[in-house]
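To start, the structure under review is shown below, and the notes come after it.
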Amino acid sequence: MLIVMQPRTSEDNIQKVIAFIKEKGFDAHVSNGENQTVIGAVGKKLIDKRDIELLAGVKEVIRISSPYKLVSRVFKPENTIIDVKGIKIGGGHIGMIAGPCTVETYEQMDATAAKLSKAGVKVLRGGAFKPRTSPYAFQGLGEEGLKIMREVADKYDMLVTSEVMEVNQIPMFLKYVDILQVGARNMQNFNLLKSLGEIRKPVLLKRGLSATIEEWLMSAEYIMAGGNREVILCERGIRTFEHIKRNTLDISAIPVVQKISHLPVVVDPSHATGLRDKVAPMSMASIAAGADGLIIEVHNSPETAICDGAQSLYPEQFADLFNELKALANLLKRTF
């Protein structure tokens with residue numbers, strides 16, 4: 001349930017309500033708006049909401065029927081803006097994340113990052129640990145790949161995002177990475193999600209290959225229930241009966257999710273389509289549909305890439321696309 005406090009009620013009243021619901025066996029999650037505080041009471045026990053309504057400073061108590069509570073707009077009506085060292089995603093701020101699918105060498109990352117930085121990209125992506133369908137495919141450089149990314153990103157004053165695959169990798173990632181990614185195959189790795197709820201760095205949560213929107217939001221709920229409020233949702237295409245392209249990009253998910261959740265939604269058009277020439281139109285369509293950001297694969301030499309070269313843009317292609325996206329965002333009164 002959600003406990004909506006009176007506008008500008010005292011901090012003492014808020015703390016007394018929190019203490020009361022904790023005493024009743026509920027977890028308390030506080031959302032502080034500009035003039036009003038909302039307290040999410042999450043638990044499995046029954047309680048008469050009138051007991052809460054009689055507490056000082058309480059305006060109303062709302063029972064929520066949907067299984068996700070903390071990610072919903074009922075809990076937090078205003079848009080969440082993720083601010084990572086001054087780089088904002090959400091609430092009219094469009095984030096651009098770009099880089100190769102996989103960290104291969106220092107030289108490859110340096111050449112790619114140099115051109116991305118020149119184009120205006122502030123967040124560098126790259127896989128150090130690669131979950132591959134085949135056990136014989138390249139699995140990534142591991143921690144050495146994270147070290148390379150961090151060194152290159154620092155050189156060009158960029159942030160780093162990379163995919164974490166296991167709970168025991170989290171301490172390592174915290175040393176090198178600014179935004180931790182959860183890949184599509186791990187969207188329902190609940191032990192991993194719970195552990196990411198305990199950290200205080202943003203988590204980019206990709207939608208599963210066959211996940212419904214509700215399942216996707218419930219995975220985000222796991223992270224937020226642990227105390228981490230910095231969650232970014234990522235639509236990366238879902239598996240359908242269509243085989244002519246890699247996945248089916250669900251652009252309609254953007255406005256649907258934004259209506260029911262306050263979390264920012266970014267789109268990965270590279271994994272969604274799997275083809276370089278489809279990335280630009282899907283990127284433009286995503287921004288037009290209201291996406292809060294894009295994560296695009298860019299490689300300094302796609303034809304020699306170890307994996308996913310076919311969906312990676314050349315730096316020059318990306319620079320042209322980024323300029324077009326900025327022009328579109330300007331028309332929509334939003335900014336990169």
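The values are calculated or read from the model by the stated rules, or taken from the named source; none is laboratory data. These figures come from a predicted structure and were not determined experimentally. All Cβ positions, glycine included, derive from the backbone under ideal geometry; neighbour counts span all protein chains shown.
When region 205-237 is limited to residues that are crowded, with 19+ Cβ neighbours inside 10 Å and among the polar types (S, T, N, Q), the one that is farthest from residue 84 (Cα to Cα) turns out to be 219.
Do we have residue 124 as outside any loop (DSSP other than H, G, I, E, B), under 17 Å from the mean Cα position of the chain (by Cα) and either exposed (fewer than 14 other Cβ atoms within 10 Å of the Cβ) or in the same structural domain as residue 309 (by TED's automatic domain parsing) (or both) here? So residue 124 fits the description; yes. Taking residue 86 as the residue in question, decide whether it is out of contact with any helix residue (DSSP H, G or I) (no Cβ under 9 Å at 6 or more places or on another chain) and either farther than 21 Å from residue 262 by Cα or of a type in the set (Val, Ile, Thr) (or both). Judged against the criteria, residue 86 is not a match. Cβ-Cβ distances below 6 Å connect the following pairs, each with a first residue in region 299-320 that is at positive phi, a second residue that is buried (at least 17 other Cβ atoms within 10 Å of the Cβ) and at pLDDT below 95, and a separation of six or more residues or different chains: 308/101.
Given the options 223, 170, 199, name the one that is under 14 Å from the mean Cα position of the chain (by Cα), in the same structural domain as residue 313 (by TED's automatic domain parsing) and not basic (Lys, Arg).
223
For residue 161, the conditions (1) among the hydroxyl-bearing types (Ser, Thr, Tyr); (2) at pLDDT 95 or above; (3) surrounded by fewer than 20 Cβ atoms within 10 Å (Cβ to Cβ) are fulfilled apart from (3).
Within region 19-41, being among the hydrophobic types (A, V, I, L, M, F, W, C) and surrounded by fewer than 18 Cβ atoms within 10 Å (Cβ to Cβ) holds for 19, 30. In region 245-277, the residue that is surrounded by the fewest Cβ atoms within 10 Å (Cβ to Cβ) out of those that are within 21 Å of residue 181 (Cβ to Cβ) and charged (D, E, K, R) is 250. Filtering region 172-200 to residues that are surrounded by fewer than 21 Cβ atoms within 10 Å (Cβ to Cβ), assigned to a loop (DSSP other than H, G, I, E, B) and in contact (Cβ under 8 Å) with a residue 40 or more places away in the chain leaves only 178.
Would you be able to say whether some residue in region 141-163 is in contact with a strand residue (DSSP E or B) (Cβ under 7 Å, 6 or more places away or on another chain), outside any helix (DSSP H, G or I) and over 23 Å from residue 86 (Cα atoms)? Scanning region 141-163 turns up no residue that is in contact with a strand residue (DSSP E or B) (Cβ under 7 Å, 6 or more places away or on another chain), outside any helix (DSSP H, G or I) and over 23 Å from residue 86 (Cα atoms). Residues of region 292-336 that are surrounded by 17 or more Cβ atoms within 10 Å (Cβ to Cβ) and hydroxyl-bearing (Ser, Thr, Tyr): 312 alone. The strands (runs of 3 or more DSSP E) found entirely in region 10-96 that carry 1 or more residues being over 20 Å from residue 225 (Cβ atoms) are 58-62, 82-84, 87-89.
With the structure loaded, tell me whether residue 99 is touching a helix residue (DSSP H, G or I) at 6+ places or on another chain (Cβ under 9 Å), touching a residue at least 24 places away in the same chain (Cβ under 8 Å) and more than 17 Å from residue 228 (Cα to Cα) or whether it fails that test. Answer is yes for this residue. Taking region 63-102 as the range and being acidic (Asp, Glu) and either surrounded by 23 or more Cβ atoms within 10 Å (Cβ to Cβ) or over 16 Å from residue 31 (Cα atoms) (or both) as the test, only 83 passes.
The residues of region 207-260 that are touching a helix residue (DSSP H, G or I) at 6+ places or on another chain (Cβ under 7 Å), in contact (Cβ under 8 Å) with a residue 40 or more places away in the chain and assigned to a loop (DSSP other than H, G, I, E, B), listed by number, are 207, 236, 246. Scanning region 5-46 for residues that are within 24 Å of the chain's Cα centre (by Cα) and either of a type in the set (S, T, N, Q) or on the phi > 0 side of the Ramachandran plot (or both) returns 31, 32.
So that you can scan it fast, the table gives a plain yes or no per residue for (1) in the same structural domain as residue 229 (by TED's automatic domain parsing); (2) farther than 22 Å from residue 214 by Cα; (3) hydroxyl-bearing (Ser, Thr, Tyr):
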{"site": "10", "(1), (2), (3)": "no, yes, yes"}
{"site": "19", "(1), (2), (3)": "no, yes, no"}
{"site": "25", "(1), (2), (3)": "no, yes, no"}
{"site": "32", "(1), (2), (3)": "no, yes, no"}
{"site": "41", "(1), (2), (3)": "no, no, no"}
{"site": "57", "(1), (2), (3)": "no, yes, no"}
{"site": "69", "(1), (2), (3)": "no, no, no"}
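In region 12-30, the residues that are of a type in the set (D, E, K, R) form Cβ pairs under 9 Å with partners that are in a helix (DSSP H, G or I) and surrounded by fewer than 14 Cβ atoms within 10 Å (Cβ to Cβ), at six or more places apart or across chains, as follows: 24/51.
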